[in-house]
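The values are calculated or read from the model by the stated rules, or taken from the named source; none is laboratory data. Since the structure is predicted, the reported quantities are computational estimates derived from the model, not experimental observations. Positions of Cβ are backbone-derived with ideal geometry, glycine not excepted, and every protein chain shown enters the neighbour counts.
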Amino acid sequence: MFLDVLILFALVVFNGFFALSEMAVVSSRSARLQALADGDSKSSGARVAARLREEPERFLSTVQIGITLIGVLSGAFGAATVSEPLAEILTGVEWIGTYGEPLAFGLVVVIVTILTLVIGELVPKRIALGNPEFFASAIARPMQGLSRLFSPLVDLLSVLSDLTLRFLGISAEPVSQVTEEEIRQLVIEGAEAGAIEDVERDIVHRVFRLGDKMAYDIMTPRRQLPWLDIEAPLERNAAVIRESQSMRYVVGRGPTREPVGVIRAEDLLAGLPQSAEIDLFASMSAPLYVPESAKALQVLGIMQSENKFMALVVDEFGEVQGAITMAEIFRAMVGDVTPDGSAPRLDIISRKDGSFLVDGGATVDELKDVLGLQSLPGEDTEDFNTLAGAMLHYFGRLPTEGDEFVWDGYRFEVIDLDGTRIDKVMIAPLRNIPIAGLRSAVGNS
């Protein structure tokens with residue numbers, strides 16, 4: 001009887017081998033298997049596992065044949081060789097008597113079922129999930145041999161499966177489309193596991209976010225651009241250069257600022273020692289125009305192909321609305337940086353009391369990242385990119401200093417205006433607001 005039990009246990013272990021094989025190959029990633037096959041180890045098992053993964057119908061048929069055969073053998077062998085000796089033992093017990101045979105059969109079925117579920121299914125699958133590529137590489141060759149051994153039966157099952165799927169109107173071709181959300185989740189998991197640096201994770205997320213933006217979303221508005229006048233005297237242009245200290249300038253003509261070109265600061269300064277006047281025409285580049293509806297990454301591609309450092313953004317009427325530089329695109333990808341290594345301008349300043357002093361020009365994405373907000377007022381229906389735009393939408397007018405409202409657990413208060421521009425906004429969590437102030441804020445909203 002001991003030998004019979006040992007054989008029955010071995011059948012359960014073989015069932016576990018097939019269960020582990022199935023989970024390992026199905027859960028493994030093609031890219032990692034290819035990396036193992038092409039890496040220093042030159043794993044031939046990984047190469048075979050990749051081929052098995054590319055032919056799931058043959059592999060899964062082989063696994064199913066193995067599991068089915070083992071299930072049949074376990075049931076027949078257990079009933080024929082283990083339950084009979086056990087029935088004789090139980091029948092000898094006085095209070096069991098004639099119930100010994102059905103009781104023995106029931107015990108064998110329960111024990112075999114539990115062993116099959118635990119040792120033959122659950123444990124192997126959990127082991128495979130721990131390192132699917134490793135186990136897929138390890139079992140690939142044995143499974144390939146079994147697939148060849150069962151080849152006639154595998155072919156028959158594959159044909160029958162295809163016919164059944166066709167009858168049901170279901171495509172047999174696997175859908176292998178990787179979505180952006182899946183990549184984001186992989187990056188998050190990689191960062192949590194330590195395989196990806198936090199900086200790398202942030203850059204990947206920013207690049208995906210940049211891919212959803214238009215030129216209008218990341219441009220510097222026209223009124224904030226440093227302009228040089230091609231018709232103005234040297235002193236006036238020099239004053240603009242000293243005041244703005246910008247690296248890039250738009251060159252316009254006359255008070256209407258009709259764009260005639262763009263120029264870099266180093267090109268301007270290179271001409272200063274040579275003559276009393278700056279020859280803007282000698283050093284400036286022809287402007288590159290892009291529509292405000294162009295995708296941000298599309299603008300990047302155009303600037304690279306045209307070898308331009310700046311693009312002017314125009315609306316549907318051909319009016320210049322702003323400009324995009326490579327520095328702005330780079331900032332959108334990696335965060336705030338400055339060419340000289342100095343501290344970048346902070347649009348959002350955290351205060352000791354838990355509140356935030358925010359520039360009206362702070363972008364919606366920056367604000368949501370810092371505050372953990374899901375959205376801002378009107379974001380789903382209106383077209384704005386900054387906190388000032390959200391404030392204007394909420395109030396429906398130009399607010400005055402002291403105007404406030406409550407949104408998603410925060411109080412937003414206008415504390416400074418620069419003419420018609422919302423310059424500074426104080427944002428405070430509601431837990432930091434006294435009860436009287438909270439009632440006032442809610443009343444004003």
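Testing S158 on (1) hydroxyl-bearing (S, T, Y); (2) more than 26 Å from R47 (Cα to Cα); (3) touching a helix residue (DSSP H, G or I) at 6+ places or on another chain (Cβ under 6 Å), one condition comes back false. Which one is that?
S158 satisfies all of (1) hydroxyl-bearing (S, T, Y); (2) more than 26 Å from R47 (Cα to Cα); (3) touching a helix residue (DSSP H, G or I) at 6+ places or on another chain (Cβ under 6 Å) except (2).
Specify the residue that is nearest to the chain's Cα centre (by Cα); the eligible residues are those in the stretch 104-149 that are touching a residue at least 60 places away in the same chain (Cβ under 8 Å) and closer than 30 Å to V93 by Cα.
So, considering only residues that are touching a residue at least 60 places away in the same chain (Cβ under 8 Å) and closer than 30 Å to V93 by Cα, the one nearest to the chain's Cα centre (by Cα) is T116.
Could you please find all residues in the stretch 240-254 being of a type outside the set (K, R) and without any contact (Cβ under 8 Å) to a residue 12 or more places away in the chain?
Once the filter is applied, which keeps residues that are of a type outside the set (K, R) and without any contact (Cβ under 8 Å) to a residue 12 or more places away in the chain, the stretch 240-254 yields E243, Q245.
Looking only at the stretch 177-196, count every residue that is hydrophobic (A, V, I, L, M, F, W, C), in a helix (DSSP H, G or I) and surrounded by 12 or more Cβ atoms within 10 Å (Cβ to Cβ) and tell me the total.
Going through the stretch 177-196 one residue at a time, the tally reaches 5.
Step by step: first the residues of the stretch 368-414, then only those that are among the aliphatic types (A, V, I, L, M), outside any loop (DSSP other than H, G, I, E, B) and touching a residue at least 24 places away in the same chain (Cβ under 8 Å), then the one that is farthest from S355 (Cα to Cα). Which residue is that?
The selected residue is L392.
Any idea which residue in the stretch 85-97 is modelled with the highest pLDDT, counting only those that are in a helix (DSSP H, G or I) and among the small types (G, A, S)?
So the residue we want is A87.
Sort through R264, R331, R345 and tell me the only one that's modelled with pLDDT under 75 and among the basic types (K, R).
R345
Return a yes/no flag: does the stretch 199-221 have any residue that is crowded, with 18+ Cβ neighbours inside 10 Å, over 20 Å from A296 (Cβ atoms) and not hydrophobic (A, V, I, L, M, F, W, C).
For the stretch 199-221, residues crowded, with 18+ Cβ neighbours inside 10 Å, over 20 Å from A296 (Cβ atoms) and not hydrophobic (A, V, I, L, M, F, W, C): absent.
For every residue, the table says whether it meets (1) at pLDDT below 80; (2) surrounded by 18 or more Cβ atoms within 10 Å (Cβ to Cβ); (3) out of contact with any helix residue (DSSP H, G or I) (no Cβ under 9 Å at 6 or more places or on another chain).
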{"position": "V63", "(1), (2), (3)": "no, yes, no"}
{"position": "S74", "(1), (2), (3)": "yes, yes, no"}
{"position": "T81", "(1), (2), (3)": "yes, no, no"}
{"position": "V109", "(1), (2), (3)": "yes, no, no"}
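For a quick check of your reading: which helices (runs of 4 or more DSSP H) sit entirely within the stretch 1-69 and have at least 1 residues that are closer than 19 Å to D155 by Cα?
2-27, 44-54
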